[in-house]
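Comments concern the structure below.
The values are calculated or read from the model by the stated rules, or taken from the named source; none is laboratory data. All figures in this text were calculated on a predicted structure; none of them were measured in a lab. Positions of Cβ are generated from backbone atoms using ideal geometry, with glycine treated the same way; all protein chains shown enter the neighbour counts. The accessibility values were calculated without ligands, DNA or RNA, using every heavy atom of the protein model including side chains. Shrake-Rupley method; radii C 1.70, N 1.55, O 1.52, S 1.80 Å.
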Amino acid sequence: MNLYFAYGSNMWNKQMGMRCPESKKLGIARLSGYRWIITTRGYANVVESAHDDVEGVLFEISDSDEVSLDKYEGVASGSYDKAKLLVMMGNEKVEALVYLDPIVEEGAPKEEYIHRINSGLADAMLSDDYVAQVRKFIPA
């Protein structure tokens, strides 16, 4: 099993269950040194930012789940790249798969994405302060 850090619509339990049926939700995790944005493509991304953190959900996924995620995230077409980054879950630092969009310019969310990301935010139960930051890009 592998660890995967979800920070966008994959925090939505329903979507993650369909995409990665063997996955197990472990809980809230934090990626330090990154900031959450919506790119000009209209989807979530995390970009390096020394003094920021990204809250998300850590999942345990199987190899077949990872293959499925690669397809949904558009790895083959270059929509997202894969990286192994250190995230904090509680007091433990672990290495997790994170999908990074090569586009780092800020934009507006695609209309169809707003419902999915809001569902993910509701399921993830992230901190109120963090969700307030995300609201810069995603209407409630």
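Listed values, structure above:
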quantity: Geometric extent, Cα atoms of region 47-97 - Rg, Dmax (angstrom); calculated: 12.7, 36
quantity: Distance in nm between pseudo-label sites at SER77 and ASP63 (7 Å out along the Cβ direction from Cα); calculated: 2.7
quantity: Listed residues SER68, SER23, SER127, most fluctuating in the chain (Gaussian network, C-alpha, under 10 Å); calculated: SER127
quantity: 1.4 Å probe accessible area per residue over the chain, in Å²; calculated: 50
quantity: Rounded, prolate or oblate (a/c below 1.5 giving rounded, otherwise prolate when a/b exceeds b/c) for region 78-134 by Cα gyration tensor; calculated: oblate
quantity: Inter-site label distance for LYS14 and ASN2 at 7 Å from Cα along Cβ, in nm; calculated: 2.7
quantity: Portion, in percent, of the accessible area of region 30-140 that falls on carbon or sulfur, probe 1.4 Å; calculated: 51
quantity: Cβ-derived FRET efficiency at R0 41 Å, SER119 paired with HIS51, nearest 0.05; calculated: 0.90
quantity: Within region 1-131: Cβ-based charge dipole about Cα centre, in debye rounded to nearest 20 (Lys, Arg +1; Asp, Glu -1); calculated: 240
quantity: Full-extension gain in nm, ALA132 to ASN91, via 0.36 nm per residue minus C-alpha separation; calculated: 12.3 nm
quantity: Nearest-10 value in Å² for the accessible area of LYS71, using the 1.4 Å probe; calculated: 150
quantity: The chain: most fluctuating residue of ALA44, ALA83, ALA124 per GNM, C-alpha cutoff 10 Å; calculated: ALA83
quantity: Choice from MET18, MET88, MET125 with maximal GNM fluctuation in the chain (Cα, 10 Å cutoff); calculated: MET18
quantity: Gyration tensor over alpha-carbon atoms, the chain, equivalent ellipsoid semi-axes in Å; calculated: 20, 17, 15
